[in-house]
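Report on the following structure.
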Amino acid sequence: MARAPHRFDDFDHDLEFQGGPDSRTFLRDAMLGAATWPSTENLESDGARLWPIIQFHGCALAIAQHRGSLAGWPEALAGRIRDEARLQAVWEATHKAALKKLLSAMADADLELLVIKGTAIAYDVFPDPALRRRGDTDLLARPRDANAVRQVLRELDCQRVAQMSLQEDWRFPPQAGFHHLFDLHWQASSAPGLRGLYEAEEAFLRSVKLPGLSDQARATDPVLTFMSDALNQAMHSVAGYLVDGEVKRGGHRLIWSYGTYLQASRFTDTQWSQLRDLCCERGLAQICLRSLDRAEDDFGTCVPESIRAALVREGDSGEIDRFVLHAGTWERFRFNFGHAANWAQRVDVLRANLFSNEDFLRRKYPDMASMPLALLRLRRLSQAPLSLVKSITGRRSA
């Protein structure tokens, strides 16, 4: 069956950073323990070009885990991969200890949190959760439990480092030199326009045990987790992703694609049907199809033909697909503002657009990185009328 009419590079802007076909295939094979150096004449003999690509794809540990996998590699590159792999493994061990302590304290207080997004995937489908590199853990709480959850976090000496109406970031006390972050959510996404992905109560009703993490851990069910992960990949293609402090736009990371493959390979017929129905109903058929297509290209993910056909027929007209894949800055602002449940959320939307974070602005406009913050904000605001005009003319031409 023909693929859906889309191109990955429409939104994966930093393709040179992600690597070309040769390096991508080589790294994929290395992750599976099936690559020897050099696999192609197009790879530079010293391997210097590969290191930033490996960082982007988050696959150092996946490569280093195979016995003898780095034999014959340039020593400098092999050493950096081994160092990164060890750091990744230690981070995971200390992060798991902090997360288990947090979940145990919540259980003692008769409070329930759901592990969502990357950590849910790491402990559900990956053979070693450390392979799914990430910088924090996302947790979902019932809105009515907000104050009680905050109290437990304070009793654990956690510090709130960021607060919005739909998300709070908490930092755990240092563990072996690491500051572990936990993002506390009250709905599926901190963007009001994406609230239609799922409601918090639905997630709790459908939740499943996560024994790989702890006896007390529960996570969103595999279908909701898959949808959230596909959405996260698409959002990073648009908004960017931090790699060693530098923003790179692109959701086609090998470690994410591998996670999609692992998730899809465990789906039952019932779960495939649920995925099809929910994606079409909630408007992210194209986003999920992109994720599946990438995993098929990279790791041979098998998608039932009837499921693919349904997602292709649905196209990209769904509300979430339009918001993520096609909306400009003005449209996203209008959509978020219109979908906000209360004035606290509307204020968050206004603040994010009018007073953007300084680090974000300096990365967004590298040609003005040395300019005063006021000028950066003025430039961002000056683009709003142009975005509005494009939005209006785009709707008229449609």
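The values are calculated or read from the model by the stated rules, or taken from the named source; none is laboratory data. In this text, all values refer to a predicted model and were calculated from it rather than measured experimentally. Cβ: placed from backbone, ideal geometry, glycine included. Neighbour counts: every protein chain shown.
A few remarks follow.
- Single condition Phe178 does not satisfy, out of (1) buried (at least 18 other Cβ atoms within 10 Å of the Cβ); (2) over 16 Å from the mean Cα position of the chain (by Cα); (3) under 25 Å from Val90 (Cα atoms); (4) not charged (D, E, K, R): (1)
- Members of segment 242-278 found to be modelled with pLDDT under 95 and surrounded by fewer than 19 Cβ atoms within 10 Å (Cβ to Cβ), listed by number: Leu242, Val243, Asp244, Gly245, Glu246, Val247, Arg249
- Within segment 254-311, tally of residues that are under 22 Å from Leu194 (Cβ atoms) and assigned to a loop (DSSP other than H, G, I, E, B): 2
- Ile63 vs. criteria under 22 Å from the mean Cα position of the chain (by Cα), surrounded by 15 or more Cβ atoms within 10 Å (Cβ to Cβ), modelled with pLDDT under 95 and more than 20 Å from Thr137 (Cα to Cα): no
- Among the residues of segment 110-151, just one is touching a Leu at 6+ places or on another chain (Cβ under 8 Å), farther than 30 Å from Arg82 by Cβ and either of a type in the set (Lys, Arg) or surrounded by fewer than 18 Cβ atoms within 10 Å (Cβ to Cβ) (or both), namely Ala148.
- Test: residue in segment 218-227 that is surrounded by fewer than 21 Cβ atoms within 10 Å (Cβ to Cβ), outside any helix (DSSP H, G or I) and either touching a Gly at 6+ places or on another chain (Cβ under 6 Å) or free of Cβ contacts under 8 Å to residues at least 12 places away in the same chain (or both): no
- Of the set (1) touching a Ser or Thr at 6+ places or on another chain (Cβ under 7 Å); (2) surrounded by fewer than 20 Cβ atoms within 10 Å (Cβ to Cβ); (3) not in a helix (DSSP H, G or I), all apply to Ala344 but (3).
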